[in-house]
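What follows draws every value from the coordinates through simple rules; no lab data is involved. Model, not experiment: these values are computed from the prediction. We place every Cβ from the backbone using ideal geometry, glycine too, and count neighbours over all the protein chains shown.
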Amino acid sequence: MKKKPLYTKTILIAIIVFAGLSVIASIYLYGIIYSNNILLKDKEVFYLYIPSNAKLNDVTDSLSKNKILKDTESFLWVADKKKYKKPKAGRYEIKANMTNNDLINMLRVGNQKPVKLTFNNIRTIQELALKVSQKLEVDSITLVELLSDKQFLKTYKFSSNTVISMFIPNTYEFYWNVSAKAFFKKMNNEYEKFWTKKRLQKAKNMNMTQLEISTLASIVQAEQSMHNNEKARVAGLYINRLNKGMLLQSDPTVVYAIGDFSIRRVLNRDKEIDSPYNTYKYSGLPPAPINLPEISSIDAVLNYETHGYIFMCAKEDFSGYHNFSRTTAQHMIFARRYQRALNKKKIYR
């Protein structure tokens, strides 16, 4: 009968020890799950890019390579408990003070951070595809192939030549792993939104299609890329020439036809190149835009300035502005001034 208190005491001690170990284990596990496991400093951010078809070890390799985790083993333990095994592609924003739980929850549900894509100063589909592939996962070759697919483009009423007019230079948000087709469809939606009833009505009043407006805007853009306040005047000049049945005679269209965008001075022999884009040789507008015209250039065409100018020449001070004239005689005076300025700077090509 005297052994009973000793037995009870032993049981009590065992319970206390077990409870203590449980508390310690709980604290340890809590720390693994909910303590900060990120090496970043306050307000520092790291973007983790997970490609399509990536595996969990690809994720941990990237995190280790960039020295993001304090403890990789604890990350993997929590990942296993939360059944995070198949990564979702995307661009993920990792911040300082994130826990394993925070990080794995974000990755598991695919809560990625969108990419801001800005494009301008683009002349060809190839340039556009390269620009896009530098910011998004989509491959430039894949995108070029899509934008050359006649059957696909036909659905959207574009051709491989005219599809460039669909891309309106601006800043857009995409998920990094967007597919080529999803990228195209979003840009098509943006194009449709851009062409409001008001813009469409203005184009109709000018007896011009959206493609024609964009094509003329691309010439305006090429002629005047520095000063938006002169674009409407340049647009009015080309409208005058179109209405009079005159050749547009725009040097940038010749440069586009040649395909050498380093040319700063168009020579007489260049104007003989046989291309539908050469407005010294073929009347009317080129078959498609020679660049991606900015919104300011498109709106300059839709709101062109009414005047009597049919000639223009870059100013000899290289300010980016132009001298405008109504007669050939006046134009030749301005042209000779500019040619002398080019010679002085030794710009021969």
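General remarks:
- Of LYS157/LYS202; LYS113/LYS198; LYS135/LYS185; LYS154/LYS244; LYS83/LYS116; LYS116/LYS204, those spanning more than 28 Å from alpha-carbon to alpha-carbon: LYS113/LYS198; LYS154/LYS244; LYS83/LYS116; LYS116/LYS204
- Extension gain (nm, one decimal) between ASP260 and ARG108, 0.36 nm per residue minus Cα-Cα: 49.9 nm
- Cut-off 9 Å between beta-carbons: net charge of the residues surrounding PRO51, Lys and Arg +1, Asp and Glu -1: -2
- Length gained on full extension, GLU192 to THR124, computed as 0.36 nm times the residue gap minus the Cα-Cα distance: 22.4 nm.
- Mean Cβ neighbour count within 10 Å, used as a protection proxy, ranking 297-309, 273-285 highest first: 297-309, 273-285
- Whole-Hz couplings from phi, Karplus 6.51/-1.76/1.60, listed for the stretch 181-197; x for Gly and Pro: 5, 5, 4, 4, 5, 5, 5, 5, 5, 5, 4, 5, 5, 5, 7, 6, 4
- Inter-part distance where the stretch 56-86 and the stretch 302-325 are each reduced to a Cα centre, Å: 61 Å
- Other residues with beta-carbon under 10 Å from the beta-carbon of PHE119 carry, at +1 per Lys or Arg and -1 per Asp or Glu, a net charge of +1.
- Restricting the calculation to Cα atoms, the chain shows an Rg/Rh of 1.27 when the hydrodynamic-style radius is the Kirkwood one.
- Burial ranking of peptide ranges 98-104, 151-157 (average Cβ count within 10 Å, highest at the top): 98-104, 151-157
- Theoretical FRET efficiency, 1/(1+(r/R0)^6), r = Cβ-Cβ of GLN151 and ASP58, R0 45 Å, to 0.05: 0.80
- Once the Cβ-Cβ distance of LYS135 and HIS227 is raised to the sixth power relative to R0 = 35 Å, the FRET efficiency obtained is 0.75.
- In terms of its alpha-carbon gyration tensor, the stretch 45-109 comes out rounded; the largest-to-smallest axis ratio a/c stays below the 1.5 threshold.
- Whichever aspartates and glutamates have a C-alpha closer than 12 Å to that of LYS82, once near sequence neighbours (fewer than 8 apart) are set aside: ASP102
- When you restrict to C-alpha pairs under 8 Å that are six or more residues apart and normalise by the size of the chain, the relative contact order lands at 14 percent.
- Relative contact order (%) - the stretch 120-194, alpha-carbon pairs under 8 angstrom, separation at least six: 31 percent
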